[in-house]
């Protein structure tokens, strides 16, 4: 009996799963394996919110496999060591895994490939399992990756995602011992509002997003920046853990059609864009893609206030409090929080990126780090100059102050523009609020940024 191992990483699903389908087709039996990787803990990526979502996702994956006669085998420890043990126990001749783009994922693949050679077992790496299109598929005329999104998107849009892959009808799994599935209830320090994970939950959420008449994706183009309206899909954690296929999401959104679906698909292409940048430049996870000789400030009190949602800028504080409560926030909130830290307080983007990764359920290295670099003006396709007035942005994206009222209750009684700029109130009104003044106004923050980056104001 021929046996293959299907090593799940960030592709925790049975639908539209090319690696799983290939493993099932090529062997009599398959070991669906997930390794609770101690290496992920060592690099600081194993945090409570993602651990809770992962527990949900593994339980859902196990249920999906059991519906097909299989089950998920869980092991704990070093990935290469645990996979090799499975190979010895079953006599497997192939190990299938989805390709990764981070330096850690690539190193893990290489270590596994080397280790498997001793057992005459092949490692089969599948591109494009976790993205709509494989990271290396689109390339410019010169260079190994696109550094600007628009030309990348033109190629991406013309190519289109791969075709659908049907879920296996039956999965035979050899008798093997495994570790019990982790449970969300056993994870400490999880943010109270972290969403439920798992393939079933993700597919239901996708169907609701694409199917609601007059809402969801149909209204996305007009309402995606409406912070109080909660008008984004909320699918990013499912894309990060692979409980949804990015290729399937793109296909189904395109079938839905309309301006909202087109705008939504463009955001999925931006996710792929960041993946292809990181695949070509793994160091962009920690180093400036385009360095500008910044002299970043390191005011611990200002950084702490930003993390706690007590900066005195209500729209930023609302976003940071939502992050702490839900382990998630919409893209516009992320941009405002990142812009305030890097371009008003003039703090190193890596400080903010690390904090986001400590809380975000969808804490994806490529999207998180490169969006932070975009906000800081150090990334590909980013403006290195110019500031971001968060108070002006607040009036644009939360015109009635509903988002601020939801997350900053100490300002709930304020009306009109006062809720976004309480520091402009008279002394008696300000004294009555349990809320700080901002450490710096936008103009002074812009000066910090320009001086630190060595910009000539006349040229900005």
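Values in this text are rule-based calculations from the coordinates and carry no lab data. In this text the structure is predicted, and so the values were computed from the model without any measurement. Every residue, glycine as well, gets a Cβ built from its backbone with ideal geometry; the counts of neighbours run over all protein chains shown.
Overview of values
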quantity: Förster radius 35 Å - calculated FRET efficiency between residue 283 and residue 85, Cβ distance, rounded to 0.05; calculated: 0.60
quantity: Percentage relative contact order, region 3-129, counting C-alpha pairs under 8 Å, at least six apart; calculated: 33
quantity: Exposure proxy order (Cβ contacts within 10 Å, fewest to most) of 344, 9; calculated: 9, 344
quantity: Residue-averaged [θ]222 nm for the chain, counting only DSSP H segments that reach four residues, each worth -39500 (n - 2.57); calculated: -14000 deg cm²/dmol
quantity: Exposure proxy order (Cβ contacts within 10 Å, fewest to most) of 329, 6, 1, 138; calculated: 1, 138, 329, 6
quantity: Relative packing of peptides 372-385, 390-403 - highest average C-beta neighbours within 10 Å first; calculated: 372-385, 390-403
quantity: DSSP-defined beta bridges in region 3-129 - what % are antiparallel, rounded to 5; calculated: 0
quantity: Approximate spin-label separation residue 107-residue 254, in nm, with each point projected 7 Å along Cα-to-Cβ; calculated: 3.7
quantity: Zone residues, region 231-257, relative to residue 406, backbone N less than 14 Å from point 7 Å out along Cα-to-Cβ; calculated: 231-234
quantity: Cα-based helix-to-principal-axis angle, 48-66 vs the chain, degrees rounded to 10; calculated: 30
quantity: Net lengthening on full extension, residue 154/residue 437 (0.36 nm per residue, minus Cα-Cα); calculated: 97.4 nm
quantity: The chain: angle of helix 442-453 to the longest principal axis, Cα-based, in degrees nearest 10; calculated: 60
quantity: R0 of 51 Å, Cβ-Cβ distance residue 427-residue 118: FRET efficiency to nearest 0.05; calculated: 0.10
quantity: Residue 222/residue 413 FRET efficiency (R0 35 Å; Cβ-Cβ; nearest 0.05); calculated: 0.70
quantity: Acute angle (nearest 10 degrees) that the helix 103-117 long axis makes with the longest principal axis of the chain, alpha-carbon atoms; calculated: 10
quantity: Rough spin-label spacing in nm, given labels placed 7 Å along Cα→Cβ, for residue 185 and residue 169; calculated: 3.8
quantity: Relative contact order computed over the chain (Cα-Cα under 8 Å; 6+ residues apart), in percent; calculated: 17
